[in-house]
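The values are calculated or read from the model by the stated rules, or taken from the named source; none is laboratory data. Remember, predicted model here, so these are calculated numbers, not experimental data. Using ideal geometry, Cβ is built from the backbone for each residue, glycine included, and neighbour counts are taken over all protein chains shown. Please note that ligands, DNA and RNA were not included when accessible areas were found on the heavy atoms of the full protein model with its side chains. Shrake-Rupley method; radii C 1.70, N 1.55, O 1.52, S 1.80 Å.
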Amino acid sequence: MPTATRILVTGGAGFLGSYLCERLLREGNEVACVDNFFTGSRKNIFHLLHDRNFEVIRHDVTFPLYAEIDKLYNLACPASPIHYQRDPVQTTKTSVHGAINMLDLAKRVNAKILQASTSEIYGDPEIHPQVEDYWGRVNPIGPRSCYDEGKRCAETLFFDYFRQDSLRIKVARIFNTYGPRMRPDDGRVVSNFIMQALQNKAITIYGDGLQTRSFCYVDDLIDGLVRLMESPDDVTGPLNLGNPAECTMLELAQLIIDLTGSRSEIRFCALPIDDPRHRQPDITKTRTILNWVPQTPLREGLTKTIAYFDELLSE
């Protein structure tokens with residue numbers, strides 16, 4: 001019998017991590033989910049616990065970890081401002097110390113390792129859409145810097161291990177992703193708008209509502225991560241993973257109001273510090289290298305996500 005591929009997923013009980021664990025198990029892999037449950041939820045992975053190829057390890061990646069594995073997806077880090085700003089020092093440690101510890105683990109066992117980086121690498125960009133060669137415009141001392149600069153440092157570490165130790169690395173820059181299992185209290189725009197609309201509360205838009213984002217459905221994003229991991233070793237990235245279809249916050253709010261049949265009104269609030277005006281990936285390189293393009297239209301993905309939050313509210 002061939003030996004199953006042993007894969008470790010840090011942040012495996014989180015929004016993205018739980019879907020990734022599902023996908024990897026469906027493909028016949030042995031999956032170890034590592035999470036400290038700061039923002040991850042046992043509920044996200046409860047349905048996987050019966051699978052004999054799945055195990056859960058409660059662990060904080062800021063401490064070293066020892067395991068025999070073939071591949072490692074490093075997704076550990078709070079990703080929404082409301083969570084990563086709660087303990088900014090720990091957020092930076094998770095990105096930087098966590099990257100070092102996971103890179104050391106991959107180095108010890110000669111595992112291939114993928115870093116879940118972020119579009120926040122680009123900060124408040126001066127070019128639009130954002131290409132991978134753009135170095136970004138990031139405030140190094142602002143309230144978002146713990147996340148932005150932590151992720152930038154993690155990318156630095158990945159490429160230094162690649163150059164110095166010939167480690168097999170992959171770096172994905174993930175843009176706004178949404179879908180079922182998002183936390184209702186995570187402060188992200190999709191979950192905020194849906195929760196407010198379902199309860200007929202005022203939908204809060206920060207700024208004038210003309211700032212733009214691009215939203216990728218979770219299934220499409222996970223497919224991109226797996227394709228990147230399975231790409232040839234000379235494909236290191238960074239590669240943008242996101243949906244290039246762009247919309248304003250006002251357009252998103254109106255679409256969610258329409259889909260929910262809500263009576264919500266729109267309320268405008270002050271824009272948070274360092275909140276980027278535009279966020280849209282150029283996926284030309286990703287499309288060429290991975291043959292990957294998001295498949296789920298925004299309306300379809302939002303309909304599934306609304307159904308999930310509606311069920312949460314009825315519990």
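Among the residues of the stretch 232-248, what is the count of those that are open to solvent by 10 Å² or more (accessible area, probe 1.4 Å) and touching a residue at least 24 places away in the same chain (Cβ under 8 Å)? The qualifying residues number 11. When the test is whether a residue is modelled with pLDDT of 95 or more and under 24 Å from C153 (Cα atoms), L241 passes it. Only one of the numbered conditions (1) part of a loop (DSSP other than H, G, I, E, B); (2) over 25 Å from L313 (Cβ atoms) is violated by L157, and that is (1). Does V293 meet the test of being open to solvent by 20 Å² or more (accessible area, probe 1.4 Å), of a type in the set (A, V, I, L, M) and within 30 Å of K71 (Cβ to Cβ)? Yes; evaluated as a whole, the condition is true for this residue.
Looking across the stretch 105-128, the residues that are closer than 26 Å to Q164 by Cβ, open to solvent by 50 Å² or more (accessible area, probe 1.4 Å) and either at pLDDT below 95 or not in a loop (DSSP other than H, G, I, E, B) (or both) come down to K107, R108. S191 passes every criterion in (1) open to solvent by less than 10 Å² (accessible area, probe 1.4 Å); (2) touching a strand residue (DSSP E or B) at 6+ places or on another chain (Cβ under 6 Å) apart from (2). For the stretch 80-103, the criterion of being part of a loop (DSSP other than H, G, I, E, B), touching a residue at least 12 places away in the same chain (Cβ under 8 Å) and farther than 20 Å from F158 by Cβ is met by at least one residue. Just one of the numbered conditions (1) of a type in the set (S, T, N, Q); (2) buried (at least 16 other Cβ atoms within 10 Å of the Cβ); (3) over 20 Å from I174 (Cβ atoms) is not true of T303: (2). Are any residues in the stretch 62-79 part of a loop (DSSP other than H, G, I, E, B) and touching a Lys or Arg at 6+ places or on another chain (Cβ under 9 Å), and if so, which ones? Answer for the stretch 62-79, where residues must be part of a loop (DSSP other than H, G, I, E, B) and touching a Lys or Arg at 6+ places or on another chain (Cβ under 9 Å): T62, Y66, A67, E68, I69, D70, C77, P78, A79. Can we say D220 is crowded, with 17+ Cβ neighbours inside 10 Å, within 19 Å of V171 (Cα to Cα) and of a type in the set (D, E)? The answer is yes for D220. Among the residues of the stretch 264-291, those identified as hydrophobic (A, V, I, L, M, F, W, C) and farther than 30 Å from N200 by Cα are I283, I289, L290. Residues in the stretch 1-59 that are under 20 Å from L105 (Cα atoms), open to solvent by 40 Å² or more (accessible area, probe 1.4 Å) and either in contact with a Pro (Cβ under 7 Å, 6 or more places away or on another chain) or outside any loop (DSSP other than H, G, I, E, B) (or both): 6 in all.
Conditions (1) charged (D, E, K, R); (2) more than 20 Å from C77 (Cβ to Cβ); (3) over 15 Å from the mean Cα position of the chain (by Cα); (4) not in a helix (DSSP H, G or I), marked per residue:
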position: A172; (1), (2), (3), (4): no, no, no, yes
position: M182; (1), (2), (3), (4): no, no, no, yes
position: D185; (1), (2), (3), (4): yes, no, yes, yes
position: S191; (1), (2), (3), (4): no, no, no, no
position: M195; (1), (2), (3), (4): no, yes, yes, no
position: P232; (1), (2), (3), (4): no, yes, yes, yes
position: C247; (1), (2), (3), (4): no, yes, yes, yes
position: L252; (1), (2), (3), (4): no, yes, yes, no
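Residue-level check: of (1) open to solvent by 10 Å² or more (accessible area, probe 1.4 Å); (2) touching a Cys at 6+ places or on another chain (Cβ under 9 Å); (3) not in a loop (DSSP other than H, G, I, E, B), E311 misses just (2). Scanning for something of a type in the set (V, I, T) and touching a Lys or Arg at 6+ places or on another chain (Cβ under 7 Å), does the stretch 218-227 turn up at least one residue? Yes, the stretch 218-227 has at least one match. Which residues, taken from the stretch 266-284, are surrounded by fewer than 16 Cβ atoms within 10 Å (Cβ to Cβ) and either in contact with a Leu (Cβ under 6 Å, 6 or more places away or on another chain) or at pLDDT below 95 (or both)? Selection gives R267, F268, C269, A270, L271, P272, I273, D275, R277.
Among the residues of the stretch 1-32, write down those that are under 16 Å from the mean Cα position of the chain (by Cα) and among the hydrophobic types (A, V, I, L, M, F, W, C). Those that are under 16 Å from the mean Cα position of the chain (by Cα) and among the hydrophobic types (A, V, I, L, M, F, W, C): V9, A13, F15, L16, L20, C21.
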